[in-house]
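Down below is the structure, laid out as structure tokens.
Rule-based calculations on the coordinates, nothing more; no lab input. Treat the numbers as computed from the prediction; the structure is a model and nothing was measured. Methodologically, a virtual Cβ is constructed for each residue, glycine included, from the backbone with ideal geometry; neighbour enumeration extends over all protein chains shown.
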């Protein structure tokens, strides 16, 4: 949530990234405009989680973001603190998804009906 809230005030702060592949990947996300979509989504979903509103939806919407963060931290820039941060974000998201799994059971039917 804090990360998403910084967008209007700190337009994409460049942090030193030792791995050039990670830097190119993050630059591509920024140049493509994806950060402009993802950061407000992080803020809205973070608020929803904190306020206990639409938690199952917020968890589903943040899952792809958590996966990308984990990918960057595990594969592209595997620094010890980054690995810990990526794991923490991914595990928290998975924990919320598992806790609210009953809300997703209707989505996991083999054949849907109208």
Cα-based Rg then Dmax for segment 12-105, in Å, read 14.3, 42
The rounded separation in angstrom of the Cα centers of segment 99-114 and segment 61-88 is 28
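How would you rank 111, 24, going from fewest to most other Cβ atoms within 10 Å of each one's own Cβ? Could you put the intermediate results ahead of the total?
Numbers: 111 4, 24 12.
Ordered by Cβ neighbours within 10 Å, fewest first: 111, 24.
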Mind jotting down the three principal axis lengths of segment 30-73 based on Cα atoms? Whole angstrom, largest first.
-> 32, 20, 13
Rank these for me by crowding, 109, 68, 60, going from fewest to most other beta carbons within 10 Å.
-> 109, 68, 60
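At a 10 Å Cβ-Cβ cut-off, how would you order 45, 92, fewest neighbours first?
On the way: 45 21, 92 14.
Final ranking by Cβ density, sparse to dense: 92, 45.
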Hey, can you rank 26-32, 82-88, 101-107 by average C-beta count inside 10 Å, highest first?
-> 82-88, 26-32, 101-107
